[in-house]
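First up is the structure itself, then whatever we jot down about it.
The values are calculated or read from the model by the stated rules, or taken from the named source; none is laboratory data. Keep in mind that what you see is a predicted model, and the values were worked out from it rather than measured. Glycine also receives a Cβ, built like all others from the backbone with ideal geometry; neighbour counts cover every protein chain displayed. Each accessible area value is taken on the protein alone, full model and side chains, heavy atoms only, with ligands, DNA and RNA left out. Shrake-Rupley method; radii C 1.70, N 1.55, O 1.52, S 1.80 Å.
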Amino acid sequence: MRRGEDNALRNVGRLFVALWRLVRGEDQRGRKVKWLVSQLRPYRGRVALMFVGLLAATAAGLAPPYLAGRAIDSGIQTGDVAALDLIVIAFVAVAIIYAAATYLQTYMVGWVGTRVLQDLRQRVFAHLQSMSIGFFTRRSPGVLISRMTNDIEALNQLVTDGVVTIFSSTLTLLGVVVILLVLDVQLALVVFLTFPLLLIASVIFRIVSHGAYRATRERIAAITAYLQESLSGVRVVRSFGQEPRHVDEMTELNEANRAVNMKTVYLNASYFPAVELLAAVATGVILVYGGGLAIDREIQIGVIVAFVGYLTTFFEPIQQLSQLYTTYQQGMAALDKIFDLLDTAPDMVDAPEAIDPGTLRGEIELDGVWFSYKEAAEPGEDVWALRDVDLHVPPGQTLALVGATGAGKSTFAKLVARFYDPQQGRVLVDGHDLRGVQQRALRRQLGIVPQEGFLFSGSVRENVAFGRPEASLEEIEAAIATVGATAFVEALPDGIETEVGERGIQLSAGQRQLVAFARALLAEPRILILDEATSNVDVRTEKTIEKGLERLLQGRTAIVIAHRLSTIRRAGKIVVLADGGIAEQGTHDELIAAGGPYSKLYGAWSESSVA
Amino acid sequence: MRTYRRLMGFLRPYRFQLWGSLAFAWAAMGMTVAIPWLIGRAINAIVEYDKPDLLPLALAIFAAAILRLGLTVVRRLVAGKVSLAVEFDLRQVFYAHLQRLELGFFDGQQTGQLMSRATVDLGAIRFFLGYGLIFITQNLLTIVLASAVMFVIDPVLALLALAPAPLIVYAASRYNRVSRPAQQEVQQRIAELTAEAEENVSGIRIVKAFAREEYQLHRFQRAVSRVFDQSIYATRLQAFFSPLIGLLPQIGIALVLLVGGRQVINDNLSLGDFTAFYTYLVMLAGPLRMLGVAMGMAQRAIASGNRLFEILDREPRIESPPGAPALPAGGGRVQLRDVTLRYAGVDAGAEREGALPALSEVSLEVEAGRTVALVGPSGSGKTSLVALIARLYDPDQGTVFVDGVDVREVDVPSLRSEIAFVADDSFLFTASVAENIAYARADASLEEIEAAARRAQADAFIRALPDGYETRVGERGLTLSGGQRQRVAIARALLADPRILILDDATSSVDATTEVAIKEGLQEAMAGRTTFIIAHRLSTVSLADEIVVVDGGRIVDRGTHAELMEGCGFYREIAEHGLADSVFLQRDLEAREEMARL
Ligand SMILES: Nc1ncnc2c1ncn2[C@@H]1O[C@H](COP(=O)(O)OP(=O)(O)OP(=O)(O)O)[C@@H](O)[C@H]1O
Ligand SMILES: Nc1ncnc2c1ncn2[C@@H]1O[C@H](COP(=O)(O)OP(=O)(O)OP(=O)(O)O)[C@@H](O)[C@H]1O
Ligand SMILES: [Mg+2]
Ligand SMILES: [Mg+2]
């Protein structure tokens, strides 16, 4: 029995907590806005100026009606021309002050607002830079881009259009509240009765609109992501002639975007009337109630006139604020989304005690490494990309990784570059567990040619020098020569300064690979990782590269992944990966003699290459 | 102004709603005027009568308020709906236009730039249409009406009051002139920033691999500063002109006070008239003050419109001619006749004299059902050559025929549906494996999908994926290994069931054992199709009936393996390099000799 009561009590308690959460919102807006405001600190001076501008503009905006009234009362009605002139001069002066203050206000609000938003943009970007590769594999790039563009723009609209309105409306509201109280406390209290109603309306609105504004952010992000993907895959779209289908899919997304936005239009249209209605009701009540009082001669008619007049001024700022509500909600939803991103802690940050290993000798060791792309992988599951890999590569050795596709070769390379951490076991370079090494200090000494090449838009020179922008032109040209690309680069319309286009689209596949290769070489790596680095390159160029590499690999460790077994050069050790595990390892001769998987692979290859 | 009119053109389908919404807005304004009048009546009643019945008046006020409310709500709904509809339409038109543009257009474009147009720029337009337009018309109407009433009350004073009007017009037009280019530049810089962000996010693996995070951040900061500087410039313009436009009517008020006041003092004007006049003048000043802000909004929208129209006005250069017939039935015979192709380069349009053509005077005939291998050094023009067959580019000179007809004279979709590519970068979409394979034929059954996958030697690995065929591959298929990706791309091309199959370095990332297996699958798949195989390795080339050697954009040799081994130096080089023993073992020997020496 007691138990049941307890339970009931607890349930009621829970209900209240849930209700309160709903009312307050679980989005911690307060914290976010506070944080945003705290970002203003470096610009204190300008913020102060902004407030001066806002105050001056609001105050100067109130003065002209008063002065005009004075002109009528004490100038025109009394026939005092001198006074009239004086007041008009004051009127003009105030108008000029108003204009000047508005200039200051607009400029400063614009400055501070834009500055803070640009800082926020940079922060999002910097935060993204600190995220791991795994994070980027899980997220759609378009959505991440949307955070830095659409969401910031939504906030921008709020800041540029909102701040002034919010500030001056609130100020006006406060002023009117004081005036109403001074005029007549009783009537004022009647008017203030609307406040709780307003609050309730706002809370209801908030509950109903829960998620609606967030949805608009998600939809526009989806559109951005779709654009990003279908535009970067335009070659596939065109070659399969699938344009209509993409237009259809875009129509769907576009339609969904319209639908969620329409919902906010409905919401806003229904919130606004609530405010309007309250204003009307309040006016009616004041007239009837105050009128009654006036009839009984308890208050003066002038008071009612003034009161009704001020009532308009009272509700006007509230209306203006409600006008802004959509912009506000949209901006806040955008802020939520941005914070979702900023609150995602980077999953692979350097530990505080992480060391800078200095110049690497290039010794690599994998010690009982298990790795899966699925984060919480169970030992029994069939999701391991690498299983129990033990391997030692002495400094200066060239390690060749071979194996069927999907065996885990690229994964191995990614672990050495610490793009991922293994779930079990350790990856060591020069005897340091990579988890205790500063990532960038490590990667600066790696030269990686990943399997999926990527060039940035910019010139060939900029791309080759990506890893070391301070490199001299001679060094860049030397790197290009090493990969046998001099001839093709010189033949380009602007030589080394030719723009390669986005992702290097204006180069042929092999040319792209050569540029990526030269980029890795120029970085003067201690460890070179070549993941199918010449798969799209013709044999003649490949030979040139091999000659160049021979010199380059002196004293450097290299991991070479290749399917064309001819690419494997000076491989001190060949490791055959199968299904994520090491099937066998040794020199070519040893492996051929052993007659294991390698000799089969080799057999298949030499057979196919004889044709 | 042209852009403005074109933007308005997008409002045409909604003109009734729009006018309706304006009518509602004006009616609501009428109510706004009526309410103070009713209040005045009520006050008079209190003053004049002893025990007045205030309730009817209060109810009237209430009713008027309700009416206004209804009008306002409807107006807002309609305006919201229209602005969303216009945004929708604009995005549709824009995206559909992008899909009409030829591939060459995208060579010189940054994805981020285009994305920004379809999102940020469209947002600015919508904001203006949904919010600014009605606002402006409402204000303009107020201004016109108030001016008219003022003229009725006292023409002389009205002239005085409107004395600053020419100045206002001048200031406003100046503001327009300077602000539009400024806004356009803001939008442009936002687009640049988007492109910067886009490249960084897509290239994050390279950024990380080379530890260039700081450098990228620095670049992004520069893009951000550029946006900031330009925005501040635009803000300064607004901060200057907007108060100026608001200030000028105040001068009019001052003049009226000065002159009109004197008239009242000299009894030339009644105080009542003067007060009324003054009230209207004040009514006029408010909208004028807001006009500056609204104009800023309009300028931004027009600037954005300009940027949209920039793309919309770029006519597609590769399109089916009107009424073009579908590609006639046939076996897939391909002919290239004296074909020369020059790429436009980054600054499209400007013919580059220095650039060598990617293909020069290439002539090639491939009979239906044959398999031809294209070999040649990197950048020799192999990919360019096959791109012409599907009319991804049009040659500058010469003609391409498929089954006897000029590809420029047939319906483009019908042509492309008969050609399937495995491109050298095997791009996959963020979708399930099954959807990717069925890309060219969304209606394909699961059996067909699996059959295609089996032929491409992809079935086994796909089944081993966490969700089998329903596993989603990440961006560009990056959650698959290189060889897996290529095999999905091969399956995608096979499922398209094309007349002409093009394999552009399609097995470069596949190991030898798998390749042998794929070759078998391909051999089946190639039966009855014309196939082009581009490869650098002999192993792949061996599938072909005939080999074409391309170098420097020209066909330099052509023949069977045996013929070319005889007569073609380049081919011999490939063959010899590919021969396992001669290279691999020889190296191994070197290494062993080296060891021995040590
Ligand atoms: N980002 C990822 N997320 C999930 N799974 C992945 C990811 N990258 C690779 N895999 C899976 O891990 C396994 C090993 O892939 P890996 O790229 O290491 O193969 P590989 O040996 O390099 O093959 P290839 O020769 O085809 O390049 C494959 O089954 C692949 O599907
Ligand atoms: N979209 C483009 N814009 C400008 N130039 C291009 C474009 N695509 C290719 N090129 C240039 O045209 C030439 C031929 O390129 P193509 O891609 O046809 O070579 P390829 O024979 O396929 O080479 P690979 O074997 O490396 O793929 C190259 O010099 C290349 O730089
Ligand atoms: Mg790989
Ligand atoms: Mg190519």
Open item on the list: Let me spell it out: the conditions are (1) touching a residue at least 12 places away in the same chain (Cβ under 8 Å); (2) part of a helix (DSSP H, G or I), and B:V144 meets all of them except one. Which number is the exception?
Closed with: (1)
Open item on the list: Need the failing condition index for A:R503 against (1) part of a helix (DSSP H, G or I); (2) closer than 24 Å to B:R537 by Cα; (3) at the interface with chain B (Cβ under 10 Å from one of its Cβ atoms), just the number.
Closed with: (2)
Open item on the list: I need every pair where a residue in segment A:430-449 that is without any contact (Cβ under 8 Å) to a residue 12 or more places away in the chain has its Cβ under 8 Å from the Cβ of a residue that is open to solvent by less than 40 Å² (accessible area, probe 1.4 Å) and of a type in the set (V, I, T), sequence separation at least 6 or different chains.
Closed with: A:D433/A:V427
Open item on the list: Please pick out the residue among B:T383, B:T399 that is within 13 Å of ligand 2 (Cβ to nearest atom) and either over 17 Å from B:V549 (Cα atoms) or crowded, with 18+ Cβ neighbours inside 10 Å (or both).
Closed with: B:T383
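Residue by residue, here is whether (1) modelled with pLDDT of 90 or more; (2) of a type outside the set (S, T, N, Q); (3) open to solvent by less than 40 Å² (accessible area, probe 1.4 Å) holds:
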{"position": "A:A377", "(1), (2), (3)": "no, yes, yes"}
{"position": "A:H392", "(1), (2), (3)": "yes, yes, no"}
{"position": "A:F412", "(1), (2), (3)": "yes, yes, yes"}
{"position": "A:L415", "(1), (2), (3)": "yes, yes, yes"}
- [ ] Within segment A:515-525, identify whether any single residue is within 19 Å of A:S457 (Cα to Cα) and within 16 Å of ligand 1 (Cβ to nearest atom), and answer yes or no.
- [x] yes
TODO: Go through segment A:419-447 and count every residue that is within 9 Å of another protein chain (Cβ to nearest Cβ) and either within 16 Å of ligand 2 (Cβ to nearest atom) or of a type in the set (K, R) (or both).
DONE: 3
- [ ] Report the residue count in segment B:302-348 for those that are buried (at least 17 other Cβ atoms within 10 Å of the Cβ), within 16 Å of ligand 2 (Cβ to nearest atom) and at pLDDT below 90.
- [x] 6
Task: Residue in segment A:490-511 that is over 30 Å from B:Y571 (Cβ atoms) and near ligand 2 (Cβ under 9 Å from one of its atoms) present - done: yes
Task: Count of segment B:255-291 residues which are crowded, with 24+ Cβ neighbours inside 10 Å and of a type in the set (G, A, S) - done: 2
Task: Answer residue from segment B:187-207, given it is open to solvent by 10 Å² or more (accessible area, probe 1.4 Å) and more than 7 Å from every other protein chain (Cβ to nearest Cβ) and is nearest to A:I448 (Cα to Cα) among those - done: B:E196
Task: Count of segment B:428-456 residues which are buried (at least 18 other Cβ atoms within 10 Å of the Cβ) and facing chain A (nearest Cβ under 9 Å) - done: 5
- [ ] Name the single residue, out of those in segment B:543-557 being open to solvent by 30 Å² or more (accessible area, probe 1.4 Å) and among the aliphatic types (A, V, I, L, M), that is nearest to the chain's Cα centre (by Cα).
- [x] B:I555
TODO: Check whether at least one residue in segment A:528-539 is more than 8 Å from every other protein chain (Cβ to nearest Cβ), buried (at least 23 other Cβ atoms within 10 Å of the Cβ) and assigned to a helix (DSSP H, G or I), and report yes or no.
DONE: no
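Let's see how each residue does on (1) modelled with pLDDT under 90; (2) open to solvent by 20 Å² or more (accessible area, probe 1.4 Å):
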| residue | (1), (2) |
| --- | --- |
| A:I223 | no, no |
| A:Y226 | no, yes |
| A:S232 | yes, yes |
| A:R235 | yes, yes |
| A:Q242 | yes, yes |
| A:T251 | no, yes |
| A:E255 | no, yes |
| A:Y266 | yes, yes |
Task: Single unsatisfied condition, B:M115 versus (1) within 30 Å of B:A28 (Cβ to Cβ); (2) buried (at least 24 other Cβ atoms within 10 Å of the Cβ) - done: (1)
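Yes/no per residue for (1) in a helix (DSSP H, G or I); (2) surrounded by fewer than 19 Cβ atoms within 10 Å (Cβ to Cβ); (3) within 16 Å of ligand 4 (Cβ to nearest atom):
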residue: A:Y420; (1), (2), (3): no, no, no
residue: A:A441; (1), (2), (3): yes, yes, no
residue: A:G453; (1), (2), (3): no, no, yes
residue: A:E475; (1), (2), (3): yes, yes, no
residue: A:I480; (1), (2), (3): yes, no, no
residue: A:V489; (1), (2), (3): yes, no, no
residue: A:P493; (1), (2), (3): no, yes, no
residue: A:L507; (1), (2), (3): no, no, yes
residue: A:R512; (1), (2), (3): yes, no, yes
Task: Flag for B:I490 being closer than 30 Å to A:K414 by Cα and buried (at least 20 other Cβ atoms within 10 Å of the Cβ) - done: yes
Task: Residue satisfying condition, being modelled with pLDDT of 90 or more and within 10 Å of chain A (Cβ to nearest Cβ), within set B:F220, B:F210 - done: B:F220
- [ ] Return yes or no: is B:T471 at negative phi, surrounded by fewer than 23 Cβ atoms within 10 Å (Cβ to Cβ), more than 11 Å from every other protein chain (Cβ to nearest Cβ) and within 12 Å of ligand 1 (Cβ to nearest atom)?
- [x] yes
TODO: Grab the helices (runs of 4 or more DSSP H) fully contained in segment A:284-350, keeping just those with 1 or more residues being open to solvent by 40 Å² or more (accessible area, probe 1.4 Å), modelled with pLDDT of 85 or more and out of contact with any Pro (no Cβ under 7 Å at 6 or more places or on another chain).
DONE: A:325-343
